[in-house]
Structures are given as C-alpha cells and as structure tokens.
Amino acid sequence: MLEKYLTAEMVQFKADSENWQEAIKLAAEPLVQHHFVEPKYVDTMIENVKQFGPYIVLLPKFAMPHARPEDGVNKLGLSLLVLEKAVEFADGKIANVFLVLAAPDKDSHLSLLSELSAVLASEEKVEAMASAKTYQELIKII
Amino acid sequence: MKILVVCGNGLGSSFMMSMNVQKAMKELNIEGTCSHTDLASAKTENADYYIGSPEIMDQLNDGKRKTIPLVNMFSLEEIKKALTTHILKG
C-alpha cells in the first residue's frame, strides 16, 4: 500500500541539503503543492524536532518527520526525499531518507505504518533506500 | 503490567515503537498491555512504565513515574535489554 501513496510526484532525489530544517521543508514540498497539508504543517514539524528532540530519526539514516492532524493535514499522504549526502541533527543522529507523514486522524495511517515498519526492520532495505537513485529502484525496495 | 509508549505526537513513532515493544514483551514472557500516546496525554495517564526517546522521558520524569529511555526504537535487542534491566531486574 505504500506505493499507492508514494507516487512518482511525491518522491524526490537530491544531492544534499543545507541542514535538517531545509531537508524537512524540501521533503514536504510535494505534500504542500498537492494540498495534502497546509504550509504551517511544515513549520510545526520543524518546531516539534526542536522541542522534543530528533526522535523522528527512527533509525540511522531514516527520518519520519510528522506533526498532528490538527496542525494542518487535509488528507492522508506521504512524500519522500532521498539525499545522497546525509544531514546531521542536534545530537549527532544522521539521516538521508526523509519520509514525511501527513495523518488526518489517529487511525487511518496505522496500516501504512505497519507496512513501513516491516520495511524498516530490514537493514538491507534501509541501506538500499538510502542509496536509491531512481523512483523505479525505490518502489522495488518498498 | 501496563506499559505506555510515548512520543511527541502520539500517532507515528510511538505506534511503531509499541509494535516492537509488544514483540519484546512476548519474547521475554512479560505479561501485560502496551499502548501508545502523546506526551501531553501521558502526563495524565497512569502506567507502570513509560517508554520513549530520552528527550521525551526527561520531560515525563517527575521522580515518581518509572521511565525507560530508548535510543533506537527499531532495535529489538535494545528494547529487550531495556525491559530486562528496568522490569525483570527492577
């Protein structure tokens, strides 16, 4: 089901980003453009990291920025950014895969997260995602 | 035994972490329930143990709550180690 949400227009590949804030903004751009979220959702995601720490880095190389439904989510969506060069967070955690989650309520995204969890349980798949260069490569992995 | 997994928003990371905590509980034969919530709600919800990132645990720790900080929530090994140290040997 992940591939149903991660359509080609929601996935980006870039060489690098200035810092983690810029990476989150860039990663979320398709969601804003296609009106899945309001622009303020992006700022809230960044604020959350400042307030709660970089726990959105779920495991080395992989971050899942998100905020709450009431922070400006219009409908369920995902967008993905793969950076060739990782960016560093405050406590030295690094990430180059950014999967932005927009959840409109407390439940509708849970099956997506279960599926994602199965992907993340495989170190090989996370490595492959972090070094993916094309959309086709990425879709094969998930 | 009630374990509450806590994250900032209570809808993404804590859900995924709770799936792994449940797996670890099963493997260690710890009886009980594990649910997930956000930081604000966790402050008013009673549980035997609270699990989450070190930053979240710092904000929850009032000296009375039993908190278990986890760095890598996808490492089943780390979760099992933490549960063993805090609960089984606690």
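Heavy-atom accessible surface, probe 1.4 Å, ligands and DNA/RNA ignored: which residues of the stretch B:11-38 lose at least 50 Å² versus the isolated chain? Residues meeting the cut-off: B:LEU11, B:SER13, B:PHE15, B:MET16.
Note that the stretch A:1-77 presents 45 Å² accessible area per residue, ligands and nucleic acids not counted, probe 1.4 Å. Surface composition of the stretch A:10-142: carbon plus sulfur atoms hold 51% of the accessible area, using a 1.4 angstrom probe and ignoring ligands, DNA and RNA.
Determine the dipole magnitude for chain B: charges of +1 sit on the beta-carbon of Lys and Arg, -1 on that of Asp and Glu, nothing else is charged, the reference point is the Cα centre, and the result goes in debye to the nearest 20.
220 debye
For the stretch B:2-88, with all protein chains present and a 1.4 Å probe, just round the carbon and sulfur fraction of the accessible area to a whole percent. Roughly 48 percent of what the probe reaches on the stretch B:2-88 is carbon or sulfur. With a threshold of 27 Å on the Cα-Cα distance, the over-threshold entries among A:LYS85/B:LYS23; A:LYS75/B:LYS43; A:LYS85/B:LYS66; A:LYS75/B:LYS2; A:LYS50/B:LYS43 are A:LYS85/B:LYS23; A:LYS75/B:LYS43; A:LYS85/B:LYS66; A:LYS75/B:LYS2. Between B:THR84 and A:SER117, the modelled label-to-label distance comes to 2.2 nm, taking each label 7 Å out from Cα in the direction of the beta carbon. Quick one: angle between helix B:13-27 and the longest Cα principal axis of chain B, in degrees between 0 and 90, rounded to 10, please. Taking Cα atoms only, the helix is inclined about 30 degrees. Highest mean packing first, where packing is the average number of other Cβ atoms within 10 Å per residue, the peptides A:15-22, A:61-68 line up as A:61-68, A:15-22. Chains B and A together bury roughly 1900 Å² of accessible area, counting both sides, with a 1.4 Å probe on protein heavy atoms only. For chain B, the relative contact order comes to 33 percent (Cα pairs under 8 Å, sequence separation of at least 6). Interface residues of the stretch A:30-76, defined as those losing at least 40 Å² of solvent-accessible heavy-atom surface relative to the isolated chain (probe radius 1.4 Å), are listed as A:PHE52, A:TYR55, A:LEU58, A:HIS66, A:ARG68.
If only the Cβ of Lys and Arg carry +1 and only the Cβ of Asp and Glu carry -1, the dipole of the protein assembly as shown around its Cα centre is close to 520 debye.
All Cα-Cα separations within chain A were binned at 5 Å from zero, giving a P(r) of 2, 11, 22, 25, 23, 14, 4, 0, each value a whole percent of the pairs.
Summarised in one figure, the compactness ratio Rg/Rh of chain B, Cα atoms and Kirkwood Rh, is 0.91. A Förster distance of 45 Å, applied to the separation of the beta-carbon atoms of A:ALA8 and B:ASP58, puts the FRET efficiency at 0.65.
Spherically averaged projected area of the convex hull of Cα atoms, the stretch A:23-87: 4.3 nm². Label positions at A:ALA90 and B:GLU77, each projected 7 Å from the Cα along the C-beta direction, are separated by 2.8 nm.
Surface analysis of the stretch B:5-64 yields an accessible area of 43 Å² per residue, using protein heavy atoms and a 1.4 Å probe. Derived scalar couplings between HN and Hα for the stretch A:24-29 equal 5, 4, 5, 4, 8, 3 Hz in order, rounded to whole Hz, by the Karplus curve 6.51 cos²θ - 1.76 cosθ + 1.60 (θ = phi - 60°), x for Gly and Pro.
The values are calculated or read from the model by the stated rules, or taken from the named source; none is laboratory data. Note that the structure is predicted; figures quoted are calculated from it, not measured. All Cβ positions, glycine included, derive from the backbone under ideal geometry; neighbour counts span all protein chains shown. Just the protein is used for accessible areas: all its heavy atoms, side chains included, with ligands, DNA and RNA removed. Shrake-Rupley method; radii C 1.70, N 1.55, O 1.52, S 1.80 Å.
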